[in-house]
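The next block holds one structure in the form of structure tokens; read it before the comments.
The values are calculated or read from the model by the stated rules, or taken from the named source; none is laboratory data. Source: prediction; values computed, not measured. With ideal geometry, Cβ positions are generated from the backbone for all residues, glycine too; neighbour counts draw on all protein chains shown. Surface accessibility is based on the protein's heavy atoms, side chains included, excluding ligands, DNA and RNA. Shrake-Rupley method; radii C 1.70, N 1.55, O 1.52, S 1.80 Å.
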Amino acid sequence: MLVSDPALHGTLAGPPRHRIAVHPPAPAGGRRVSVDAESLGVAIDAADLREFLRRAGLDPEDVRLDDPAIEWRGGGPDVWSIATE
């Protein structure tokens, strides 16, 4: 489980670094979030993302949504649902 993994403790600003992926929006809304290829859940907004990262041992106060450690797939930090016409 990520919460107990001592390698995850730290911040995005300094070591250790992790691969954080925010996947494309799902048809039902929200985006899957993974750290080091382990799925943490589906976030519906940036607050959810920060909570998942906190549970993974990262300090949410140090999380910047523009940090290069976060790989945004299918849209940036302002996109949480599929655009419809």
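Would segment 24-39 turn up any residue that is of a type in the set (Val, Ile, Thr), at pLDDT 95 or above and in contact with an Asp or Glu (Cβ under 9 Å, 6 or more places away or on another chain)? Spell out the reasoning first.
Going through segment 24-39, the residues of a type in the set (Val, Ile, Thr) turn out to be 33, 35.
If we keep only those that are at pLDDT 95 or above too, we end up with 33.
Those still in the list that are in contact with an Asp or Glu (Cβ under 9 Å, 6 or more places away or on another chain) too: 33.
Yes, segment 24-39 has at least one match.
I want to confirm something. Restricting to segment 19-41 and keeping residues that are closer than 16 Å to GLY76 by Cβ and touching a residue at least 40 places away in the same chain (Cβ under 8 Å), which single residue is surrounded by the fewest Cβ atoms within 10 Å (Cβ to Cβ)?
Narrowing segment 19-41 to residues closer than 16 Å to GLY76 by Cβ: 20-25, 30-33.
After this cut, where a residue has to be touching a residue at least 40 places away in the same chain (Cβ under 8 Å) as well, the list is 20-25, 30-31.
On the way: ILE20: 23, ALA21: 18, VAL22: 24, HIS23: 17, PRO24: 12, PRO25: 20, GLY30: 17, ARG31: 25.
Out of the qualifying residues, it is PRO24.
Taking the condition over 22 Å from SER81 (Cα atoms), among the hydrophobic types (A, V, I, L, M, F, W, C) and open to solvent by less than 80 Å² (accessible area, probe 1.4 Å), does LEU58 pass? Show your work before the answer.
Values: over 22 Å from SER81 (Cα atoms): yes; among the hydrophobic types (A, V, I, L, M, F, W, C): yes; open to solvent by less than 80 Å² (accessible area, probe 1.4 Å): yes.
Answer is yes for this residue.
Consider only pairs whose beta carbons are under 8 Å apart and that are at least six residues apart or on different chains; among these, list those whose first residue lies in segment 42-66 and is over 14 Å from ARG19 (Cα atoms) and whose second residue is part of a loop (DSSP other than H, G, I, E, B) and polar (S, T, N, Q).
Partner pairs satisfying both residue conditions: ASP59/THR11; ASP62/THR11.
Residues that are of a type in the set (Ser, Thr, Tyr) and within 10 Å of the chain's Cα centre (by Cα): which strands (runs of 3 or more DSSP E) entirely in segment 12-85 hold 1 or more of them? Spell out the reasoning first.
Details: elements: 20-25, 31-35, 38-43, 70-72.
Here the list reads 31-35, 38-43.
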